[in-house]
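Just so you know, all these numbers are worked out from the coordinates, no wet-lab data involved. Every value quoted in this text rests on a predicted model; they were computed, and no experiment measured them. Neighbour counts run over all protein chains shown; Cβ positions are idealised from the backbone, glycine included.
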Amino acid sequence: MNYHKLSLFCAALLVCSCKKTVTLNLNTAPAQIVIEGEVTSQPGPYTVTISQSVGFYTDNTFPPVSGASVIISDSTLGIADSLTETVSGTGIYATHSLQGIPGHIYTLSVTSQQQNYKATSTMPMPIPLDSISFSQLSGFGNNQISAVANFQDPPGVKNYYQFVEFVNGAQITKDIFVFEDRLSDGKYISNTLYNDTSYLFQGDEVKVNMYCIDENVYNYFYQLMQSGGTGAFNTTASPANPASNISNGSLGYFSAHTVSSQQRVVY
């Protein structure tokens with residue numbers, strides 16, 4: 001729950017203390033298009049998911065958007081790939097021949113319901129994730145184990161990172177992990193991935209993907225993390241939605257990033 005929602009929730013509690021039930025009108029914001037897309041350094045196909053936002057009180061079921069025109073262009077090479085919907089009605093569109101290359105600039109163009117949306121993302125140069133280790137923090141009767149991502153940050157270059165954690169094959173989606181090297185340029189980094197409530201246990205198999213992302217994508221996820229959003233993006237009609245790198249008022253993001261992975265069993 002983000003801070004705006006928490007404030008509204010507290011206000012509702014105060015009103016309810018007067019023995020009058022009040023339902024705040026948080027459903028009035030019009031639905032917005034939500035676009036989530038990526039190009040990576042791994043082999044394709046790559047996907048773009050298009051849906052619509054929902055009201056505050058609505059179940060987290062986001063209506064897919066079908067029939068859109070979706071194109072991803074490699075602006076460096078001057079080539080384009082027209083995506084097709086994988087299954088009709090899903091709102092998931094896939095590339096056919098595009099291959100992500102570090103250092104290249106990628107442009108996403110979406111046309112839906114006579115509206116045009118565009119985003120550009122530059123894929124950074126790859127940085128390897130050397131290893132993952134584990135840290136333990138004891139307190140309040142709990143022994144919390146967290147994964148630690150270890151890697152060498154290159155000097156003299158602004159770098160932005162995103163980490164995605166999997167435990168026993170399942171992705172942790174409630175926590176957002178991003179890091180910038182503003183205070184750690186050129187240093188060897190050991191970045192602990194603290195989970196809010198789910199702890200690791202001995203014998204768990206942990207996989208960590210490290211993405212090298214561009215600044216705009218980092219800002220998006222950092223704002224989302226600060227607002228208390230979870231998963232890939234916050235698709236509620238909330239005033240705290242982070243600034244997207246997609247034009248024309250779209251929610252979501254488009255990211256061209258490299259991928260480096262490590263896997264280890266908790267000891």
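In debye to the nearest 20, how big a dipole does segment 109-198 give about its Cα centre with +1 on each Lys and Arg Cβ and -1 on each Asp and Glu Cβ?
Charge dipole, segment 109-198, about its Cα centre: 220 debye, nearest 20.
What's the FRET efficiency of residue 113 with residue 79 using the Cβ-Cβ distance as r and R₀ = 22 Å, to the nearest 0.05?
About 0.20, to the nearest 0.05.
Under 15 Å from the Cβ of residue 120, count the other residues' Cβ atoms, weight Lys and Arg +1, Asp and Glu -1, and hand me the total.
With Lys, Arg at +1 and Asp, Glu at -1, the neighbours total -3.
Using the 10 angstrom Cβ neighbour count as an exposure proxy, how do 182, 264 rank, fewest first?
Sorted ascending by nearby Cβ count, the order is 182, 264.
When 185, 214 are ordered from fewest to most other Cβ atoms inside 10 Å of their Cβ, what list results? The partial results should precede the final answer.
Values: 185 14, 214 19.
So the residues, fewest neighbours to most, are 185, 214.
Using R₀ = 25 Å, calculate the FRET efficiency as 1/(1 + (r/R₀)^6) where r is the Cβ-Cβ separation of residue 88 and residue 31; round to 0.05. Mind dumping the intermediate values first?
Numbers: r = 21 Å, r/R0 = 0.83.
FRET efficiency, residue 88 to residue 31: 0.75.
Residues with amide H under 5 Å of residue 46's amide H, sequence separation 5 or more or different chain, H placed in the peptide plane at 1.01 Å from N; which?
Result for residue 46 returns 95.
Please report how far the C-alpha centroid of segment 75-100 lies from that of segment 172-204, rounded to the nearest whole angstrom.
Each part's Cα centre sits 31 Å from the other's.
Residues with amide H under 5 Å of residue 213's amide H, sequence separation 5 or more or different chain, H placed in the peptide plane at 1.01 Å from N; which?
160, 161, 162
What net charge do the residues around residue 182 carry, taking every other residue with its C-beta under 12 Å from that of residue 182, with Lys and Arg at +1 and Asp and Glu at -1? Walk me through the numbers before you get to the answer.
Values: positive: 158, 187; negative: 153, 180, 181, 185, 215.
Charge balance in the 12 Å sphere: -3.
Step through the residues of segment 188-199 one at a time and calculate ³J(HN,Hα) from phi using the Karplus curve (6.51 cos²θ - 1.76 cosθ + 1.60, θ = phi - 60°), rounding each to whole Hz and writing x for Gly and Pro.
7, 9, 10, 9, 7, 9, 7, 9, 5, 10, 8, 9
So for segment 91-230, what percent of the C-alpha to C-alpha distances run longer than 23 Å?
When every Cα pair of segment 91-230 is considered, 47 percent fall beyond 23 Å.
If a/c stays under 1.5 just call it rounded; otherwise compare a/b with b/c (prolate if a/b is bigger, oblate if not). Do that for segment 36-158, with a ≥ b ≥ c from the square roots of the Cα gyration tensor eigenvalues.
In terms of gyration-tensor shape, oblate.
List every residue whose amide H lies under 5 Å from the amide H of residue 31, counting only residues 5 or more places away in sequence or on a different chain, with H placed 1.01 Å from N in the peptide plane.
Under 5 Å from the amide H of residue 31: no residue qualifies.
Give me 194, 106, 218, 267 sorted ascending by neighbouring Cβ count inside 10 Å, so fewest comes first.
Least crowded to most crowded, the residues run 267, 194, 218, 106.
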